[in-house]
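A short worksheet on the structure shown next.
The values are calculated or read from the model by the stated rules, or taken from the named source; none is laboratory data. None of the values given here were measured: they were computed from a predicted structure. Here the Cβ is made from the backbone with ideal geometry for all residues, glycine too, and neighbour counts use every protein chain on show. Areas reflect the complete protein model, heavy atoms only, side chains present, ligands, DNA and RNA absent. Shrake-Rupley method; radii C 1.70, N 1.55, O 1.52, S 1.80 Å.
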Amino acid sequence: MSLEIDALSRSIVKLRAVVPENAFTAGILGLERVGNGIVINSDGLILTIGYLITEATDVWLTVNEGQELAGHALAYDQVTGFGLVLPLENPGFAPVLLGSSAELVEGATAQVVSYPEFSKPHPVQIVARREFAGAWEYLLEDGIFTAPAHPHWSGAALINDQGLLVGLGSLLVRETVGGEETNANMFVPIDLLTRGRADRQSRPWLGVYAVELTGRIYVTGVADGSPAQVADIREGDLISQVGDREVTTLSEFYRYLWSLGPAGIGVPLTTVRGGTNLHLNVRSVDRTDLLRRPQAH
């Protein structure tokens with residue numbers, strides 16, 4: 001298996017994305033982002049985690065021999081978090097074959113494989129399969145959580161015992177393992193990619209950053225220029241209702257928000273500030289409309 005993993009590592013590239021200073025995500029995600037990309041077909045198409053390439057004007061791919069190739073940020077699906085990059089020159093590597101993440105149960109073992117310069121293949125255990133709600137209006141229904149944590153998780157490949165790609169590295173998180181809290185990684189299940197991007201409507205986006213504490217949803221920040229900022233939602237506000245439905249968890253908040261209709265719909269929110277209920281109608285947007293589009297080279 002170690003020889004197979006070493007061979008697979010040659011199909012993992014180093015990805016470097018450059019983002020302009022005026023990009024919507026520049027202040028949050030930075031102007032230069034570095035992570036991994038995985039060759040997934042014979043044309044050299046590369047799968048990565050989408051936040052690395054959001055609004056990128058330039059994408060550079062370093063292959064195993066140290067050669068740097070230009071790439072084009074082809075797509076970013078905000079629902080799953082997957083991003084696709086097309087190299088302007090096919091590196092000619094064998095693609096990593098896709099497996100089924102559905103078969104990866106808690107307690108199973110796997111390997112995290114990154115660009116070789118970052119780290120050697122990293123044996124891990126699946127410590128949880130569960131829902132994950134992110135502070136940035138993101139919900140993954142069946143995240144894969146692994147430990148120990150990999151030092152270069154962004155876009156890294158989660159490889160099962162058959163040498164197949166079953167997950168894509170997304171986050172560093174804290175998980176309780178054996179009664180102790182430890183660093184772990186969250187991977188996006190590869191099955192979400194093999195299903196393809198559905199013809200779904202764009203979800204309404206508010207631009208709220210929120211945290212769930214003791215059954216309440218608190219605003220920790222709002223994005224500049226977002227609908228939340230226009231509606232005067234502020235850090236420290238408590239979000240108590242979406243329409244006439246009370247919300248006590250982030251996942252409830254997101255599901256109720258997205259169930260109202262497509263992006264652009266008015267979102268009735270009840271917030272609490274200083275003990276006073278505020279009834280707001282926030283005009284949502286499609287978040288992608290605020291992002292710089294990938295530029296063709």
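Find how many whole Å separate the alpha carbon centroid of the range 198-218 from the alpha carbon centroid of the range 42-119. Cα centres, the range 42-119 to the range 198-218: 27 Å. From the list [x] 15.8; [y] 25.2; [z] 17.5, can you say which value of mean projected area of the Cα convex hull in nm² was derived from the structure given? Among [x] 15.8; [y] 25.2; [z] 17.5, the one calculated here is [x].
Each of Ala56, Ile5, Leu165 was scored by the projection of its Cα onto the charge dipole of the chain, and the greatest displacement toward the positive side belongs to Ala56; charges sit on the C-beta of Lys, Arg, Asp and Glu. Phi angles of the range 84-90 translate, via the Karplus equation with coefficients 6.51, -1.76, 1.60 and θ = phi - 60°, into HN-Hα couplings of 10, 10, 9, x, 6, 9, 5 Hz per residue; Gly and Pro are given as x. Sorting Arg287, Arg174, Arg33 by accessible area puts them as Arg174, Arg287, Arg33; the probe is 1.4 Å, largest comes first, and only protein heavy atoms count.
For the range 13-21, 3J(HN,Hα) computed residue by residue from phi via the Karplus equation (6.51, -1.76, 1.60; θ = phi - 60°) reads 10, 7, 10, 10, 10, 10, 10, x, 4 Hz, glycine and proline entered as x.
Computed from Cα positions, the angle between helix 250-259 and the longest principal axis of the chain comes to roughly 80 degrees. The charge dipole of the range 114-191, taken about the Cα centre with unit charges on the Cβ atoms of Lys, Arg (+1) and Asp, Glu (-1), comes to about 200 debye, rounded to the nearest 20. Rolling a 1.4 Å probe over the protein chains gives His72 an accessible area of about 40 Å². Using 20 Å as the cut-off for backbone N distance, which residues of the range 134-171 belong to the label zone defined by a point 7 Å from the Cα of Ala102 along Cα→Cβ? Residues passing the 20 Å test: 140-145, 158-168.
Across the protein chains, with a 1.4 Å probe defining accessible surface, the residues Ser202, Ser11 rank Ser202, Ser11 from largest area downward.
Computed with a 1.4 Å probe on the full set of protein chains, the accessible area for Trp60 sits at about 80 Å². Along the range 278-284 the Karplus relation, 6.51 cos²θ - 1.76 cosθ + 1.60 evaluated at θ = phi - 60°, assigns HN-Hα couplings of 10, 9, 10, 10, 9, 7, 6 Hz to successive residues, with x for each Gly and Pro. Taking every C-alpha pair closer than 8 Å and separated by at least 6 residues, the mean separation divided by the residue count of the chain gives a relative contact order of 15 percent.
For the range 176-244, trypsin sites (Lys or Arg not before Pro) meeting the loop criterion (DSSP other than H, G, I, E, B) and having at most 16 other Cβ atoms within 10 Å: Arg195, Arg197, Arg200, Arg234. Taking amide H as placed 1.01 Å from N in the peptide plane, Gly167 has its amide H under 5 Å from the amide H of Leu158, Ile190, each at least 5 places away in sequence or on another chain. Only Lys, Arg, Asp and Glu carry charge here, each on its Cβ (+1 for the first two, -1 for the last two); on that basis the chain has a dipole of about 420 debye about its Cα centre. Accessible area of Val79 (1.4 Å probe, protein heavy atoms only, ligands and nucleic acids ignored): about 40 Å². With the chain treated as a Gaussian network of Cα nodes joined by springs under 10 Å, which of Gly236, Gly66, Gly275 yields the largest mean-square fluctuation? Answer for the Gaussian network model of the chain: Gly275. Near the amide H of Val282, within less than 5 Å, lie the amide hydrogens of Val267, Leu269, all on another chain or at least 5 residues away, with H placed in the peptide plane.
Quick check: net charge around Gly134, other residues with Cβ under 13 Å of its Cβ, Lys/Arg +1 and Asp/Glu -1?
Net charge around Gly134: -4.
Between Ala75 and Leu84, the built amide H atoms are under 5 Å apart, and every one of these is 5 or more places off in sequence or on another chain.
Using a 1.4 Å probe and counting only protein heavy atoms, arrange Asp232, Asp224 so the residue with the most accessible area comes first.
Values: Asp232 70, Asp224 115 Å².
Solvent-accessible surface, decreasing: Asp224, Asp232.
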